Amino acid sequence: MWRYLVKRFMLMFPTMLGVALLTFILIRVIPGDVVELRYAGDRGAVSQDVLTKERARFGLDQPLWKQFTTWIWGVARLDFGESMWTGAPIWQEIRLRFALSLQVAIMATIVAVALSIPLGVLAALKQDTWIDYAVRIFSIAGLATPSFWLGIVFILMLLIVFHWLPPMVYTPFWVNPWENIKQLIWPALAVGYRYSAVGMRMTRSAMLEVLREDYIRTARAKGLVQRLVLARHALKNAMLPVATVIALEFAFLIGGLVVTEQVFNLNGLGLLFVQAVAHRDYTLIQALVMLVAGVFIVVNFLMDVGYAWLDPRIRYR
Amino acid sequence: MQRSLVRALGAAVTLIAAASIAAVIPVAVIPAGAQDKPRSGGELIFVVPSEPPSYDAHQEETFGVIHPMAPHYSTLLRVDPNDKTGTKPVGDIAESWTVSKDALTYTFKIRQGVKFHDGSELTAKDVKASYDKILKPPAGVKSLRKEAYGSIASIDAPDAHTFVVKLKYPESSILLNLASPWNWVYKADIIAKDPHWYEKNVNGTGPFKFVEHVKGSHWVGKKNPDYWDKGKPYLDSYRAIFISASAAQVAAVRGERAMIQFRSFSPPERDQLVQALGNKITVQESPWDCVNLVAMHHEKKPFDDKRVRRALTLALDRYEGGKALSKITLVKDVGGIQVPGTPYATPPAELEKLAGYGRDINASRAEAKRLLKEAGVPDGFSFVFKNRGIPHPYEPLGIWLISQWKQIGLNVRQEIIEASAYHPMLKRGDFEVAMDFQCGFIVEPDLDLPRFLSHSDANYGRHKDTVIDDLYSRQGRATDPEERKKILRQLEKRLLDEEAHVAYTLQWHRIVPHLSKVKGWTITPSHYLNNQLDAVWLSE
């Protein structure tokens with residue numbers, strides 16, 4: 001078991017290095033740089049001398065290999081540097097937004113789990129009845145509806161029908177829970193619905209597969225009540241693929257809510273990502289990609305640990 | 001509100017219907033109302049579509065610095081907040097000023113009792129230190145607009161309340177240049193200790209004190225009780241909310257989460273707000289000190305031939321274009337080298353005499369075809385028009401230009417250049433014909449026209465014209481406004497007609513819808529002006 005976990009853990013480092021190298025190269029392929037965007041804008045009044053000095057200040061005049069080694073040495077020491085656009089430390093820029101993105105991800109996951117598992121199980125148990133069809137329509141609609149579109153519809157509904165709009169400024173939950181929920185419930189619902197649809201489909205098909213297994217038939221044959229058959233034998237085994245989907249979706253939500261964050265004006269990592277790319281803020285983009293990649297890798301690692309717990313056969317391989 | 005929220009949660013069925021209703025609502029515009037007696041109190045909440053990269057206006061270019069931060073600062077002079085042309089300088093911390101007979105020495109009397117937010121008193125020494133930072137920045141400190149002050153020979157603070165500016169030659173624009181909204185007055189002692197201090201900190205003498213800045217979210221200022229103009233500001237505080245997506249900006253005003261956005265909305269957004277909010281919204285509009293130009297590369301054939309360049313400008317039906325495009329995007333008025341309605345703007349009758357500005361478009365296009373024939377391209381020719389990848393107003397304007405040029409037999413293919421690659425492309429000269437752009441912070445020929453000088457970095461078409469250079473120099477030194485106007489008309493005729501070095505398209509149009517309870521704010525042609533908020537108040 002420990003060997004398995006150590007092996008999985010060690011694999012994280014070459015993956016991160018690969019992500020770092022790829023990000024570093026790709027972002028520099030895009031035309032324009034932060035200096036050009038910030039100072040050579042609409043009036044074209046800034047002299048070439050200023051632009052050259054600014055590039056030198058950011059180290060953009062150095063060869064690419066040198067820029068990379070300087071940056072990666074900083075990352076190894078957990079020093080991601082400063083934002084090229086604002087001059088603020090990267091950790092400060094990210095810390096501000098991370099709490100909001102994490103909360104939306106958690107709330108959307110709660111919505112998704114609360115909808116997907118009961119409805120998915122219900123659909124599997126009532127296969128080919130009107131309940132199953134209703135759940136399938138609901139889930140297909142969720143898959144087909146982009147969450148940002150649903151977000152726009154939410155906003156329009158709130159504005160037109162209720163003449164009310166969610167707060168525009170983020171209030172942390174511990175400062176004012178009601179104000180916080182008023183703002184974040186809508187994106188959580190918009191995102192959670194699509195997210196739940198994926199989980200619902202997966203739960204239904206996994207449950208259908210498990211319910212046909214011999215050990216379920218045996219459990220029923222020995223007279224175990226339906227509730228215990230489901231809870232003890234079916235659900236735990238059916239949860240393996242569902243947990244995978246939910247965990248990967250959760251990791252995606254940390255930095256992937258780009259358009260939804262714009263629609264609701266959420267000061268989260270997705271919006272920061274867009275701004276960083278628009279500003280060619282290399283240091284910030286690199287740090288954000290590393291963060292999101294890190295979240296994915298850690299979630300994957302935790303899933304591996306979870307698999308080992310859920311399926312004892314994995315531990316002994 | 002809680003009841004609304006609960007109801008909202010259960011109203012999923014109404015969603016689609018509600019969205020459909022929004023799509024079919026008609027639109028109307030309500031003119032700005034009269035201003036009543038100011039009332040004190042309240043918090044102004046406004047949207048800012050951009051965010052300050054640093055806090056030092058001397059080294060920034062974006063309105064994202066001006067809008068949330070200008071209320072913290074004073075400038076030596078300012079543009080009269082009630083002047084719709086945005087061209088009349090008035091004193092800010094300068095109480096008054098005198099000009100020597102030779103127009104070379106300007107002596108400013110600095111107000112007494114002006115205090116920085118840290119409690120210290122402002123003196124002329126602070127004004128001098130701030131201008132020293134702008135004119136001669138210390139090593140490692142940027143100053144983006146120092147070239148605009150080439151006429152200044154020296155500055156001095158002979159005593160605590162006198163600031164003197166000496167010029168190398170008379171310059172008619174100097175007072176407006178000293179009213180620049182970027183030239184915030186900083187504290188001399190702080191600059192002396194650390195010239196970078198103001199990049200990350202705030203300490204001004206403006207009507208509002210700094211409270212907090214949460215990056216990506218908002219900026220808050222509170223009333224400065226020690227502001228020199230007693231009784232002002234009227235507001236208790238203000239809150240600037242940073243919202244980049246235009247749909248979210250509109251929603252913020254429509255949902256009354258914000259009261260105003262000081263830059264501009266598009267015509268459809270204005271109509272949407274007016275329809276939704278009725279008499280709760282007031283719309284102020286103005287020609288905008290921003291314009292798209294057509295740059296034609298003078299070193300590439302056939303654009304080295306002025307007949308071809310003239311044909312391109314003659315093909316444009318600007319008057320009809322203005323009418324049509326103003327319904328969908330941010331352009332409207334037909335103008336010359338200055339914003340219509342401002343002191344040095346071309347009178348309409350004179351404007352119509354310029355190539356491409358005549359009312360008879362058929363005659364203009366016939367002349368364009370004749371010129372093309374004379375230039376050896378009677379059947380027209382093909383070229384690539386490079387446009388900037390920004391929806392408003394670039395893309396509609398680009399489509400309009402292509403349709404106009406087609407009328408004289410030109411076959412134009414548009415190539416959209418991603419926004420960040422656009423200026424490097426212009427600077428490299430990697431185009432035949434391209435959309436160019438300029439946006440000023442005060443309508444003033446000395447600030448708007450340097451880009452047309454032969455040596456300018458922003459002369460993307462790379463024309464060399466010593467006549468233009470000379471006329472520019474002469475207009476700037478002409479102290480008599482009428483004389484200056486005459487020279488400007490000559491310059492304009494040469495630039496847009498005789499040589500057709502560039503073609504102006506249509507003036508941008510600024511549209512600021514705001515909640516009617518916001519009073520005491522007047523629109524100007526520049527979104528960089530009138531942001532100190534000292535005179536703004538809320539009627540409820």
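Let me know the charge dipole size of the protein assembly as shown about its Cα centre in debye, to the nearest 20, where only the beta-carbon of Lys, Arg (+1) and Asp, Glu (-1) is charged. Charge dipole of the protein assembly as shown: 2520 debye, to the nearest 20. Three principal axis extents describe the C-alpha atoms of the stretch B:472-524; from largest down they are 48, 29, 14 Å.
Taken one residue at a time, the phi angles of the stretch B:420-431 give Karplus couplings (6.51, -1.76, 1.60, θ = phi - 60°) of 6, 8, 5, 5, x, 4, 5, 5, 5, x, 8, 7 Hz. Gly and Pro are set to x.
In deg cm²/dmol and to the nearest 500, what is the mean residue ellipticity at 222 nm of the protein assembly as shown if only DSSP H runs of at least 4 residues count, each as -39500 (n - 2.57), divided by the residue total?
Result for the protein assembly as shown, helices only: -14500 deg cm²/dmol.
Computed from phi, the 3J(HN,Hα) profile of the stretch B:128-144 under the Karplus parametrisation 6.51, -1.76, 1.60 (θ = phi - 60°) reads 5, 4, 5, 6, 4, 5, 6, 7, 10, x, x, 4, x, 10, 8, 9, 6 Hz, with x in place of Gly and Pro. Each Lys and Arg Cβ is given +1 and each Asp and Glu Cβ -1; about its Cα centre, the stretch B:149-300 then shows a dipole of about 400 debye.
Run through every distinct alpha carbon pair of the stretch B:59-151 and return the Kirkwood hydrodynamic radius in angstroms, one decimal place.
In the stretch B:59-151 this quantity evaluates to 15.3 Å.
A cut-off of 5 Å between modelled amide H atoms, ignoring neighbours fewer than 5 places along the same chain, links residue B:506 with B:292. Among the trypsin sites (Lys or Arg not before Pro) found in the stretch B:314-352, those both in a DSSP coil and sparsely packed, with 13 or fewer other Cβ atoms within 10 Å of their Cβ, are B:327.
Based on Cα atoms of the stretch B:330-479, Rg over Rh with Rh as the Kirkwood radius reads 0.96.
For the stretch B:405-446, the list of GluC sites (Glu not before Pro) that fall in a loop by DSSP and count at most 16 other C-beta atoms within 10 angstrom reads B:418. The percentage of C-alpha pairs in the stretch B:216-315 whose separation is greater than 19 Å is 65%. Temperature 10 °C, viscosity 1.306 mPa s: under these conditions the Stokes-Einstein estimate for the protein assembly as shown, based on its Kirkwood radius over C-alpha pairs, is 52 µm² per second. Convex hull volume of the Cα atoms of the stretch A:159-302, normalised per residue: 174 Å³. In whole angstrom, note down how far apart the Cα centers of the stretch B:288-316 and the stretch B:372-407 are. Going from one Cα centre to the other spans 10 Å. Can you find, among B:461, B:91, A:148, the residue farthest towards the positive end of the dipole of the protein assembly as shown? Put +1 on the C-beta of Lys and Arg, -1 on that of Asp and Glu. The residue sitting farthest along the positive end of the dipole is A:148.
The aspartates and glutamates within cross-link reach of residue B:215, meaning a Cα-to-Cα straight distance under 19 Å and a gap of 8 or more places when in the same chain, are A:82, A:93, A:261, A:281, B:51, B:56, B:60, B:61, B:199.
When DSSP beta bridges are restricted to pairs lying wholly in the protein assembly as shown, around 75% turn out antiparallel. Computed about its Cα centre, the charge dipole of the stretch B:358-453 is approximately 320 debye, with only Lys, Arg, Asp and Glu carrying charge at their Cβ. Annotation: average projected area of the stretch A:234-317 is 7.0 square nanometres, based on the convex hull of Cα atoms across all directions. Proximity of backbone amide H atoms, modeled 1.01 Å from N, is registered between residue B:209 and B:222, B:223, B:224 at under 5 Å, excluding neighbours fewer than 5 places apart on the same chain. Restriction of the trypsin sites (Lys or Arg not before Pro) in the stretch A:119-183 to DSSP coil positions whose beta-carbon has at most 16 other beta-carbons within 10 angstrom yields A:126. The Rg/Rh ratio for chain A, using Cα coordinates for both the radius of gyration and the Kirkwood hydrodynamic radius, is 1.06. Take the convex hull of the alpha carbons in the stretch B:447-540; its mean projected area over all directions comes to 8.7 nm².
Translational diffusion of chain B was estimated from the Stokes-Einstein equation, with Rh taken as the Kirkwood radius over Cα pairs; at 4 °C and 1.567 mPa s the coefficient is 52 µm²/s.
Amide H to amide H distances under 5 Å link residue B:284 with B:512, B:514, where only residues 5 or more positions off or on other chains count and H is placed in the peptide plane. Panel note: the C-alpha atoms of the stretch A:71-186, placed on their principal axes, show extents of 59, 41, 27 Å (largest first).
Residue-wise HN-Hα couplings along the stretch B:110-118, as the Karplus relation 6.51 cos²θ - 1.76 cosθ + 1.60 with θ = phi - 60° gives them from phi, are 7, 4, 9, x, 8, 10, 5, 5, 8 Hz; Gly and Pro carry x. Near residue B:514: Cβ cut-off under 14 Å, other residues only, Lys/Arg at +1 and Asp/Glu at -1. The net charge is +4. When only alpha carbons are used to place a centre, the stretch B:85-160 and the stretch A:157-184 end up 45 Å from one another.
Values in this text are rule-based calculations from the coordinates and carry no lab data. All of these numbers come straight from a predicted model, not from anything done at the bench. Note that we place each Cβ from the backbone using ideal geometry, even for glycine, and neighbour counts take in every protein chain shown.
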